[in-house]
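Novice: Quick one: this structure, given as structure tokens, is what I'll be asking you about.
The values are calculated or read from the model by the stated rules, or taken from the named source; none is laboratory data. Since this is a predicted model, take the numbers as computed values, not measurements. Heads up, the Cβs are rebuilt from the backbone with ideal geometry, glycines too, and the neighbour counts pull from every protein chain shown.
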Amino acid sequence: MNKRFDVAALGELLIDFTAGGLSEQGNPMFEANPGGAPCNVLAMLRKLGKTCAFIGKVGNDMFGYQLKAVAEQAGIDMSALRMDGETRTTLAFVKTAENGDRDFSFYRNPGADMMLTEEELPQEVLSSARIFHFGTLSMTHEGVRNATKAAVASAKRAGAVISFDPNLRPPLWKSLEDAGEQMLWGISRCDVLKISDNEIEFLTGSRDYEYGADQLMRRYPNLRLVNVTAGPDGSYAFQQDRKVFVPGFLLGGTIETTGAGDTFCACVLNFILEHSLDNLSPEDLRQMLRFANAAAYLVTTKKGAIRSMPEREQVEAVLREH
């Protein structure tokens, strides 16, 4: 069946303010980088030539218009973007450690991305995507949670492959118990799961990623592909009885890790679009992870995410040289 979009994603679209040194007066300066995990995924998919649509809400303010313009410049269909006249665009201030890890401070109580309702869902987009992707930032509050769950159901009914990234951000949840419950709901509905090492530990209580992935796959037989990212160490792929590990690219030059997991996720979805989802051989999984790891490394050498996604040729050059 021909579908209008390769991937549609629902969720947050926000400004990541990243530290940009000090002013002449000694005050910290911040750069307003466009971001938000679902749209980051789409931005990388656009670099790989895929058609993409975003579903979400921003404020009818200067940041909302900045985000809309940047996403459109990236080639993402933004016809389903809603502009909220009463609630401001969500902002995140990012403090980066020396190793590139981040600490987030969110200005989102409320933020416009939380205000999307089920009635505002674009059914024509949901029914015309080969893959539907979502995370948990659109599940932190009841209204947008209902919209997210309705969107998943609509996309599934239309035959889409469901992709999920828990993307745990503890400060945004009323309780970690609620976070865990919604993360497990997403896992119970998806075909493709991208989960980080700290998230799998949070859900299973184990630092053994292979054990954790096995537990999730036994509990949720709907999972057709599980990918575990372990930061600079590399990534794992699990499918049926097959498991593959590929080390990360430790080539230096890392500035921050914002968008690395989203870049990785996009490359996995791109591989599925270009090959298949079922019965991937160990070599297929290895190729998928190598490309995704290389792309994720490249995005860490720049600030921000949407405007920092690498070209396919840049990723292939890293693979050739290393």
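Novice: Considering each residue of the range 213-228, count those that are within 13 Å of GLY186 (Cα to Cα) and in contact (Cβ under 8 Å) with a residue 60 or more places away in the chain, and give that number.
Specialist: Selection size over the range 213-228: 0.
Novice: I want to confirm something. Restricting to the range 255-300 and keeping residues that are of a type in the set (Ser, Thr, Tyr) and closer than 19 Å to VAL7 by Cβ, which single residue is surrounded by the most Cβ atoms within 10 Å (Cβ to Cβ)?
Specialist: Among those that are of a type in the set (Ser, Thr, Tyr) and closer than 19 Å to VAL7 by Cβ, it is THR263.
Novice: Just the residues that are more than 24 Å from ARG108 (Cα to Cα) and among the charged types (D, E, K, R), please, taken from the range 6-57.
Specialist: Passing the criteria: ASP6, GLU24, ARG46, LYS47, LYS50.
Novice: Output the number of the condition that THR229 fails; it satisfies all remaining conditions of (1) within 26 Å of ASP6 (Cβ to Cβ); (2) touching a Pro at 6+ places or on another chain (Cβ under 9 Å).
Specialist: Condition (2) is where THR229 drops out.
Novice: With the condition kept exactly as written, say whether any residue in the range 19-27 is in contact (Cβ under 8 Å) with a residue 60 or more places away in the chain, surrounded by fewer than 24 Cβ atoms within 10 Å (Cβ to Cβ) and out of contact with any strand residue (DSSP E or B) (no Cβ under 7 Å at 6 or more places or on another chain).
Specialist: no
Novice: Still on this model: Could you look through the range 216-253, keep only residues that are more than 21 Å from the chain's Cα centre (by Cα) and assigned to a strand (DSSP E or B), and pick out the one that is farthest from SER196 (Cα to Cα)?
Specialist: ARG242
Novice: Return the only residue of PHE63, PHE5, PHE54 being more than 25 Å from ASN146 (Cα to Cα), of a type in the set (Phe, Trp, Tyr) and either at pLDDT 95 or above or surrounded by fewer than 23 Cβ atoms within 10 Å (Cβ to Cβ) (or both).
Specialist: After ruling out the rest, the residue left standing is PHE63.
Novice: Which of the residues spanning the range 213-262 are closer than 23 Å to GLU181 by Cβ, among the polar types (S, T, N, Q) and out of contact with any strand residue (DSSP E or B) (no Cβ under 6 Å at 6 or more places or on another chain)?
Specialist: If the condition is that a residue be closer than 23 Å to GLU181 by Cβ, among the polar types (S, T, N, Q) and out of contact with any strand residue (DSSP E or B) (no Cβ under 6 Å at 6 or more places or on another chain), then GLN215, ASN222 are the ones that fit.
Novice: Another question, if that's okay. So for the range 68-83 (the condition being over 21 Å from THR117 (Cα atoms) and in contact with a Pro (Cβ under 8 Å, 6 or more places away or on another chain)), does at least one residue qualify?
Specialist: Among the residues of the range 68-83, at least one is over 21 Å from THR117 (Cα atoms) and in contact with a Pro (Cβ under 8 Å, 6 or more places away or on another chain), which makes the answer yes.
Novice: Quick check on this structure: which one of GLY186, GLY180 is assigned to a helix (DSSP H, G or I) and crowded, with 19+ Cβ neighbours inside 10 Å?
Specialist: That would be GLY186, the only listed residue that is assigned to a helix (DSSP H, G or I) and crowded, with 19+ Cβ neighbours inside 10 Å.
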